[in-house]
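Undergrad: Can you read through this structure? Questions will come right after.
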Amino acid sequence: MKITDQVVENHGLKIEEYTNIKKILKREPNLLELGIFSAMWNEHCSYKSSRKHLKNLPTKGKHVIQGPGENAGVIDIGDDDAIVFKIESHNHPSYIEPYQGAATGVGGILRDVFTMGARPIALLNSIHFGSPDHFKTKSLLHGVVSGIGGYGNCIGIPTVAGETKFNSTYNENILVNAMAVGHAKKDKIFYSKAKGLNKSVVYVGSKTGRDGIHGASMASAEFDENSEEKKPTVQVGDPFTEKLLMEACLELMKDNSIISIQDMGAAGLTSSSVEMASKGELGIEINLDKVPCREENMTPYEMMLSESQERMLIILEDGKEKHAKEIFKKWDLDFVIIGKTTNTNKLVLKYDNIIKGEIPINALASKAPIYDRKWIKKKLTKSKVDIKKLKKIKIEEALIKILSSANHSNKTWITSQYDQMVMCDTAQKSGSDAAIIRIHGKEKAIAVSVDSSANYCKAHPKSGGKQIVCENWRNLISVGARPIAITNCLNFGNPENPEVMGEFAECLLGIKESCEFLNYPVVSGNVSFYNGTNRKNIYPTPVIGGVGLISKFKKPISHQFKKNDSNILLIGKTFGHLERSTLLEEIYLISDGQPPEINLVNEKNNGESILGIIKDNLVNSVHDVSNGGLIIALAEMCMGSIYGAKINKPKKLTNLLKYFFGEDQGRYILEIDKGNLEKVEKILKNNNIFYENIGSTQKDYFEIQGELKINIKELYKINNQWYNNY
């Protein structure tokens, strides 16, 4: 086929990029080679628009074993134990084919984790949909949730936490971010760096089909009115085969057979072979006649660009081929030696004894373009909303409307479709601030949470980036875990748009600032650009997945009230920040103004002190205050419990809407026994922490002095009605 400008464009490459390819090769590429460049130079694989900004993130710390650059990040949790984790996006595929898009997103992130030698112990997700009234939302929601549950449940990994949000910004481009967490021994971590010459390159797992071709390129382009035609680029998952592949790989990893191993994820055989060779500064030669194919007459182009699932590429030590093959045969999986490592520093592809492609490895990796795209700094704008002039609404009416809305309703309809208890180590499942998973056979546990805040990030990206790291930090603190490290999935619009690129750059500055101050490094992640349709971009939506350690775990710290007549303390100062708040958005349909101020000194001091109070067994329950403010946090602590709360009116802030619905940051609610109150207050005073004793627990009712009194069973019923009626 003649390579025309249209063919180049169809492969997602710019004409100037194609000109650069010809300079590197000193010739015209053939179609196979063009396809390989297309796969490796697209945004999804090369990070060509984001790399300049990502390198500024803090990635090192005393617990960090492996930071960004591998299949997943690795942290040390003591006793020779390591936690391996990462989050990735599968946004475009899930919009086109929600079930398979979401399912293969789960499958792909699981492979990233067990490729490192870790047994997966938990799955999480962050899913964003358009307005509930949009004609596609309901089917997309059902398809995505079924896909996540279908894959995770079948493979036997618990889906323990997540978030589900709705906003019209996602009407034409939903977000499906999947996170996996695994446990490994520190001395049995496996990497993708190739080593040695003439080592066997082995294809294992499922056969290669035509599904997913150009999937990575599709993820690096905006949608348009023809997006439905892209269904053939969505991969098809098989969780039962993935289970076999996982067990076979983990069995082989018990000895010293493996030099390096890489998941065939985005861009399939192309990316896995190039990444392994590039990291090892070696060449790799592949005989495509030997690639196991499930469809007839597959071409070299299709084999190299297929994104068929449940496949791995392994480089073996000399003499280990027979032993490895027996393991994969036992698990009824393909095991084929398809090539070898070389000293040529080239990717050489043979078919029918003819060289069909020959490309320098560095041309595909280190010489991929890096763009310093123009970006615009977001201007601070004053809110046009005068709170005093808003139509008056009673506190009880506002509370009920928020609790019965799509974004704040109980998500049991979703979480009940996920097996959260399989493997029997889930100590606290979804519904709390963070999920808790025991380390099998040990007295310690980890806490995990995912969080996002697109509304804040759209208003002021830097503040939004800072806030979402702090929100994630608070969720781990609230269950008694020491926050260790994060992974991030950065979902943004078209980076060629200076405004979008500005949102990205500033969000990362905010993330960097919080991570550095809180000693909360970024060890892995993913960038997803081009989230939009017909030039309408989504809100900037960075998703943070955090992991914390509970070194001596006995029982979970509840976020629900536990006893009668306990004291309720509000930690952190309330100023009544209502701009960009849930109250304005849900009640008045207003998204205006700036997000609340983030005081990192207070965040750290408050969190560290509460961690100490929890460690000293001085609390009955803990919950952080986030979206919806104090009143929503209190309601959440009442619902599902037999105990409610009796809250006093504030003495200083007379505007009750501001006090109860304001979204000031760095705040927590603590339930304290009367006998422990003096000890807790002493700790708070010694650490210069502002707090208020705002009331006490009581049976059956949630009450605010003179403003509302509602039975907590009725509150629970209200909170559960949206999904039941959708």
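The values are calculated or read from the model by the stated rules, or taken from the named source; none is laboratory data. Here the structure is a predicted model, which means the values were calculated and not measured. Using ideal geometry, Cβ is built from the backbone for each residue, glycine included, and neighbour counts are taken over all protein chains shown. The protein model used for the area step is the full one, side chains on, heavy atoms only, and it has no ligands, DNA or RNA in it. Shrake-Rupley method; radii C 1.70, N 1.55, O 1.52, S 1.80 Å.
Undergrad: Kindly provide the Kirkwood hydrodynamic radius of region 309-353 in Å, to one decimal, from all pairs of distinct alpha carbon atoms.
TA: Mean inverse Cα-Cα distance, inverted, gives 12.7 Å.
Undergrad: Between E321 and N617, what is the label-point separation in nm under the 7 Å Cα-to-beta-carbon projection?
TA: So the label points at N617 and E321 sit 6.1 nm apart.
Undergrad: Quick one: longest stretch of the chain between exposed loop GluC sites (Glu not before Pro), exposed meaning at most 10 other C-beta atoms within 10 Å and loop per DSSP? Please report the intermediate quantities before stating the final value.
TA: Details: sites that count: E225, E296.
In short, 297-726.
Undergrad: Show me, for region 568-580, the HN-Hα J-couplings you get by feeding each phi into the Karplus relation (A = 6.51, B = -1.76, C = 1.60, θ = phi - 60°), rounded to Hz, glycine and proline as x.
TA: These are the phi-based 3J(HN,Hα) values: 10, 9, 9, 8, x, 7, 9, 9, x, 6, 10, 5, 6 Hz.
Undergrad: Ratio of alpha-carbon Rg to the 2.2 N^0.38 Å globular estimate for the chain, to two decimals, please.
TA: For the chain, the normalised Cα radius of gyration comes out at 0.97.
Undergrad: Still on this structure: Please give me, ordered by residue number, the trypsin sites (Lys or Arg not before Pro) of region 295-375 that lie in loop per DSSP and have at most 12 other Cβ atoms within 10 Å.
TA: Filter output for region 295-375: K374.
Undergrad: Kirkwood Rh over alpha-carbon pairs of region 656-726, then Stokes-Einstein at 20 °C and 1.002 mPa s: what D in µm² s⁻¹, rounded to an integer?
TA: Working: Rh = 15.3 Å.
In µm²/s, the coefficient rounds to 140.
Undergrad: Another question, if that's okay. Indicate, rounded to the nearest 5 percent, the antiparallel portion of the DSSP beta bridges found entirely in the chain.
TA: In the chain, approximately 80 percent of DSSP beta bridges are antiparallel ones.
Undergrad: Now a separate question. List the residues whose amide H sits under 5 Å from the amide H of G283, counting only those 5 or more places along or on another chain, with H placed 1.01 Å from N in the peptide plane.
TA: T342, N343, T344, N345, K346
Undergrad: So how tilted is helix 137-155 from the main axis of the chain? Cα-based, degrees 0 to 90, rounded to 10.
TA: Taking the Cα atoms of the chain, the angle to 137-155 is about 70 degrees.
Undergrad: Could you list which residues have their amide H under 5 Å from that of K356, counting only those 5 or more apart in sequence or on another chain, with H placed in the peptide plane?
TA: Close amide H contacts, sequence-distant or interchain: L349, K350, Y351.
Undergrad: At 1.4 Å probe size, with every protein chain present, just tell me what the per residue accessible area of the chain comes to in Å².
TA: 39
Undergrad: Right, here's the next one. Could you work out what % of the accessible surface of the chain is carbon and sulfur, using a 1.4 angstrom probe and leaving DNA, RNA and ligands out of the count?
TA: 48
Undergrad: Another one. Measure off 7 Å from each Cα along the Cα-to-Cβ vector at S416 and D332, then give the distance between these two points in nanometres to one decimal.
TA: Going from the S416 label point to the D332 one covers 3.4 nm.
Undergrad: Write down the radius of gyration of region 548-688 and its Dmax, each obtained from C-alpha positions, in Å.
TA: 15.6, 46
Undergrad: Pop out the ³J(HN,Hα) list for region 61-77 in order, Karplus 6.51 cos²θ - 1.76 cosθ + 1.60 with θ = phi - 60°, rounded to Hz; leave Gly and Pro as x.
TA: x, 5, 9, 7, 9, 9, x, x, x, 10, 4, 7, x, 9, 10, 8, 10
Undergrad: How large are Rg and Dmax for region 496-602 when only the alpha carbon atoms are used, in Å?
TA: 19.0, 58
Undergrad: In whole Hz, what ³J(HN,Hα) sequence does region 336-341 give by Karplus (6.51, -1.76, 1.60; θ = phi - 60°), x for Gly and Pro?
TA: 9, 7, 10, x, 8, 7
Undergrad: What's the angle, to the nearest 10 degrees (0 to 90), between helix 98-114's Cα axis and the longest principal axis of the chain?
TA: 80
Undergrad: Next question. List the trypsin sites (Lys or Arg not before Pro) within region 500-603 that fall in a DSSP loop (any state other than H, G, I, E or B) and whose Cβ has at most 12 other Cβ atoms within 10 Å.
TA: Sites meeting the loop and neighbour criteria: R535, K552, K554.
Undergrad: Tell me which residues come under 5 Å, amide H to amide H, from L316 once H is placed; ignore anything under 5 positions away on its chain.
TA: Close amide H contacts, sequence-distant or interchain: S200, V202, I259.
Undergrad: What distance in nm separates the two pseudo spin-label positions at F240 and D372, each 7 Å out from Cα along the beta-carbon direction?
TA: If labels sit at F240 and D372, their model points lie 5.5 nm apart.
Undergrad: How high is the relative contact order of the chain? Use alpha-carbon pairs under 8 Å, at least six apart in sequence, and give a whole percent.
TA: In percent, rounded to a whole number, it is 15.
Undergrad: On to the next question. What FRET efficiency do you get for E608 and K290 if R0 is 60 Å and r is their Cβ-Cβ distance, rounded to the nearest 0.05?
TA: 0.60
Undergrad: How much FRET efficiency would the formula 1/(1 + (r/R0)^6) give for K651 and L589, where r is the Cβ-Cβ distance and R0 is 30 Å, rounded to 0.05?
TA: That gives a FRET efficiency of 0.40.
Undergrad: For region 73-167, what are Rg and Dmax over the alpha carbons, in angstrom?
TA: 14.7, 52
Undergrad: Which order do peptides 454-464, 375-385 fall in by mean Cβ count within 10 Å, highest first?
TA: 454-464, 375-385
Undergrad: Compute the label zone of M1 within region 299-317: residues whose backbone N is under 20 Å from the point 7 Å along Cα-to-Cβ.
TA: In region 299-317, the label zone of M1 (backbone N under 20 Å from the point 7 Å along Cα→Cβ) covers 299-308.
Undergrad: Another question, if that's okay. If you scale each eigenvalue of the Cα gyration tensor by 5 and take the root, what three semi-axes come out for region 522-562, rounded to whole angstrom and sorted largest first?
TA: Its equivalent ellipsoid spans semi-axes of 37, 16, 5 Å.
Undergrad: Just to confirm the filter: which trypsin sites (Lys or Arg not before Pro) across region 38-82 are DSSP coil and have at most 16 other Cβ within 10 angstrom of their Cβ?
TA: Values: sites: K48, R51, K52, K55, K60, K62; in loops: K48, K55, K60, K62.
The qualifying sites are K55, K60, K62.
Undergrad: Can you give the angle from 0 to 90° between the axis of helix 31-41 and the longest principal axis of the chain, with both taken from C-alpha atoms, to the nearest 10?
TA: Tilt of helix 31-41: around 30 degrees.
Undergrad: Additional query: Starting from one equal scatterer on each C-alpha and no solvent at all, send me the Debye-based log10 I(q)/I(0) for region 11-82 at q = 0.16, 0.22, 0.24, 0.27 Å⁻¹, two decimals.
TA: -0.71, -0.96, -1.06, -1.20
Undergrad: Taking only the Cα atoms of region 403-540, how large is their convex hull per residue, in Å³?
TA: In region 403-540, the Cα convex hull volume per residue is 140 Å³.
Undergrad: Let me ask another. At R0 = 45 Å, how high is the FRET efficiency between N10 and F690 if r is their beta carbon distance? Nearest 0.05 is fine.
TA: The formula returns an efficiency of 0.15 here.
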